[in-house]
Amino acid sequence: MNNILNLTVSPAAIAIIGGGFSGSLVAANLLRNATMPLSIKLIERNSEIGRGVAYGTPVDCHLLNVPAGKMSAYGDEPNHFLNWLHSNGYEEVTPSTFVPRRVYGDYVQATLKAAQANASANVQLEKIVDEAIAIETKSNNTIVYLSSGQCLHVQKAVLALGNFPAILPAPLAVLGKRYVKDAWSADAITNLNPEDAILLVGTGLTMADAVVALHQQGFQGQIHTVSRHGLMPCSHKSTNPYPAFIEVENAPKTARGLLHLVRQELRDALIKGQEDWRAVIDAIRPIIPQLWQAMPLLEQKRFLRHVKAYWEVHRHRIAEKIAEVLDAAMESGQLIHYAGRIQSCQEFENGVDVRICERGTHKDIVLQVKRIVNCTGANCDYRRLQHPLVASLQEQRLIRSNTLSMGIDTAPNGALIDADGNASEMLYTLGTPRKGNLWETTAVPEIRVQAANLAQELLKSLNPKPDVTTFVLRKPAMLFRQLFDKESSTYTYLIADPESKIAILVDPVLEQVERDLQILRQLGLTLRYCLETHIHADHITGTDRLRSLTGCLGIVPENAGATYADNYIADGNMLELGNVQICAIATPGHTDSHISYLVNDTHLLTGDALFIRGCGRTDFQNGDAGSLYDAVTQKLFTLPDDTLVYPGHDYQGQTVSTIGEEKHWNPRFAGRSRNQFIELMKNLNLPQPKKMLEALPANQHCGRVLVAWDYQI
Ligand SMILES: Cc1cc2nc3c(=O)[nH]c(=O)nc-3n(C[C@H](O)[C@H](O)[C@H](O)COP(=O)(O)OP(=O)(O)OC[C@H]3O[C@@H](n4cnc5c(N)ncnc54)[C@H](O)[C@@H]3O)c2cc1C
């Protein structure tokens, strides 16, 4: 049956429940990538979207615990956060700065707003301030019930529920007003006298937040902290990256084996001159989910029992500035940590008596405090949650608590697994709820990848590839224009997705920026990227100028030695603009980092690697004739013969060729061996490009033309 006939008039709808970082980023990725009519309903029970627990704090000394350079909301645009900071009044921030978390919340909000502004006209975001209290799944849709009484009919729902408040430790249950369960609330730090003592239960990052907030408040009294191990988070320190040293396939499958391996590597690293353990720990992070999943349940339990506390303080570190506050408070005696368990609490008129059984000695420690603040961190045991939505899902057997009591079970694509073990096709999640399955899934670097993948998954499942009968009714797959700069004989390519109207310019020329802007305007296109095949020697790229005029991103081949790029692209990377897919193919030789781009498997942009009946020179910019011969004959010439070849230049007025034609008729390659080609290229004796001295330095800065000062003495 023809799929088109089944289309209903109303757009597909996706509900995202929870508007913290996870929910906001799923929404932003959907807005960026959706080309079909889509209604996104982002439901958040608090009035502000984008903050959640982590970035909702108004206290400026609550800093991110990850440096700014690693906090981009988009994995494929590593400088996105830094660029935002620099254009929003935080010019002094470097990649290693620890920015206030409040500012990060502003950034998440701005990122969502920008995605909304740039989305296709038929993709809509609706922010709903309400609490989702139940979900019901039917055969072809899902109903989300809100506490206001409203209900939403959607095709898919994403649970981005994040972190739940910590559970009250049993002995504290007897307490009334002296107990504060939310460590970030004003109740935790205000209305204290200088002679008061306070007890923070938990010694992790939440405790650090409470101590710095008390410090900022000018609190002079005694701060006690207690946790089972009494371990404090370590501080960050800038280190050089350490190479990956564990291969997932050969890694030990036991907690003890892994611990042993990491300890051994730490010793070896010291011998090799790596002065700091942090880089070694960080080198494991990208493969933690695989290491975790490879361990049998029993070993995962062993890890949680014996290693977790030590892992947490080394992995979840605090900014050096925060560590300095904690250290000073400890040195002055204001801050005292205890390792042990709270045995009992007794509330009096003026305070609480707390009895702690000390770890190891089993001695009783008795403290008299004015207030007790719960800093035990988030709770992700879904069996113990008091959350109407979770209760509803449990009742209908739509979720299954993870055996380790950490979140719920999920399929690799984030789909919820129900009580009978089946992966849902309607309900998905990301972030903390996946902790039992992935272990490392709570911070921005992991969540942003999950959010991007989940958005793709949702769009794919809503928009399955059409069958053959719908083919004739489809709009053209891409808009493709070849533009020419006469002075340098350079071709610039404008490519766009006709549905979303999002465009890319490949190898723009500075002098032609006005022309490019005009055609973008006339065709109603939004320029998202400028992409370079290489650092050009014969013209200055228009990237920087276009970027400042349109807000697009400049993408340059990896290792091209270019600064000011917004992102770098490498062999095999794929750029997607709606229905348009651009695949990078490394073709070194003209320069050592040159890349050609295959667009939608049909149009090959060859830059200076392959011209029509010719090729680019190889006698400067680390050019190498042998590499060029290999790249062209072993990569480009293996593409189908009917692949269209669009070169970076042409000096004879030719516009397009095919791989088949070039294999037969290109005099540089046809019938020539590698050595013959090298010999030919060696003897070309070409003059230097006219603009080379001006173009190279500018292009190494993405076309930013540097002002030269003339000093007259
Ligand atoms: C104090 C703190 C500091 C952190 N600092 C960092 C850091 O510096 N760097 C880093 O990478 N990570 C940090 N993290 C980790 C953090 O968990 C993630 O970065 C990220 O914020 C998680 O976002 P989330 O949306 O998954 O969860 P949350 O931030 O918890 O957001 C979930 C949202 O869902 C809403 N919600 C829940 N149920 C419903 C419902 N039924 N209906 C409607 N709305 C609902 C909640 O109100 C909340 O806003 C920190 C975490 C905490 C707690």
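No value in this document is a laboratory result; all are computed from the given coordinates. Predicted model only: the values in this text are computed from it and were never measured. Here Cβ is always computed from backbone atoms with ideal geometry, including for glycine, and neighbour counts include all displayed protein chains.
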Using 0.36 nm per residue, how much length does the chain from residue 456 to residue 549 gain when fully extended, once their Cα-Cα distance is taken away?
30.5 nm
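Restricting to DSSP H runs of at least four residues, report the calculated mean residue ellipticity at 222 nm for the chain, -39500 (n - 2.57) per run over all residues, nearest 500 deg cm²/dmol.
Details: 20 runs with 192 residues, N = 713.
So the calculated ellipticity at 222 nm is -8000 deg cm²/dmol.
Assigning unit charges at the beta carbon (Lys, Arg +1; Asp, Glu -1) and nothing else, what dipole magnitude in debye, to the nearest 20, does segment 278-400 show about its Cα centre?
620 debye
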Under a point spin-label approximation (7 Å from Cα along Cα-to-Cβ), what is the residue 256-residue 70 distance to one decimal in nm?
3.1 nm
Full extension from residue 308 to residue 247: what is 0.36 nm times the residue separation minus their Cα-Cα distance, to one decimal in nm?
19.8 nm
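Once you charge only the Cβ atoms, +1 for Lys and Arg and -1 for Asp and Glu, what is the size of the charge dipole of the chain about its Cα centre, to the nearest 20 debye?
1460 debye
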Using 14 Å as the cut-off for backbone N distance, which residues of segment 59-76 belong to the label zone defined by a point 7 Å from the Cα of residue 114 along Cα→Cβ?
71-76
Roughly how many nanometres apart are two label points built 7 Å out from the Cα toward the Cβ at residue 193 and residue 386?
3.3 nm
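Filter the cross-link list 237/272; 308/363; 138/181 down to pairs whose alpha-carbon distance in this structure exceeds 27 Å. Numbers along the way, then the final one.
Working: 237/272 19 Å; 308/363 25 Å; 138/181 38 Å.
Exceeds cut-off: 138/181.
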Dipole-positive endmost among 577, 686, 697 within segment 479-699 (Cβ charges, Cα centre)
686
Using label points projected 7 Å from each Cα along Cα→Cβ, tell me how many nm separate residue 620 and residue 330, to one decimal.
5.9 nm
Residue separation between residue 479 and residue 694 times 0.36 nm, minus their alpha-carbon distance, gives in nm 74.1 nm
Along the Cα-to-C-beta direction of residue 216, a point sits 7 Å from the Cα; which residues of segment 12-49 have their amide N less than 17 Å from that point?
none
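Restricting things to alpha carbons, find the Rg to Rh ratio for the chain using the Kirkwood radius for Rh. Don't skip to the end; give the middle numbers.
Working: Rg = 29.4 Å, Rh = 28.8 Å.
Rounded to two decimals, Rg/Rh equals 1.02.
Using a simple charge model, +1 on the beta-carbon of Lys and Arg, -1 on the beta-carbon of Asp and Glu, nothing else, what dipole does segment 479-699 show about its Cα centre, in debye to the nearest 20? Before the final figure, lay out each step's value.
Details: 18 positive and 28 negative charges, 67 e Å.
Computed about the Cα centre, the dipole is about 320 debye.
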In whole Å, how far is the Cα centre of segment 160-180 from that of segment 355-420?
11 Å
Please state the Cα pair-distance histogram of segment 248-301 with 10 angstrom bins from zero: what percent is in each bin?
24, 50, 23, 3
Within straight-line cross-link reach of residue 663, lysines at Cα separation under 25 Å, skipping those fewer than 8 residues along the same chain:
635, 682
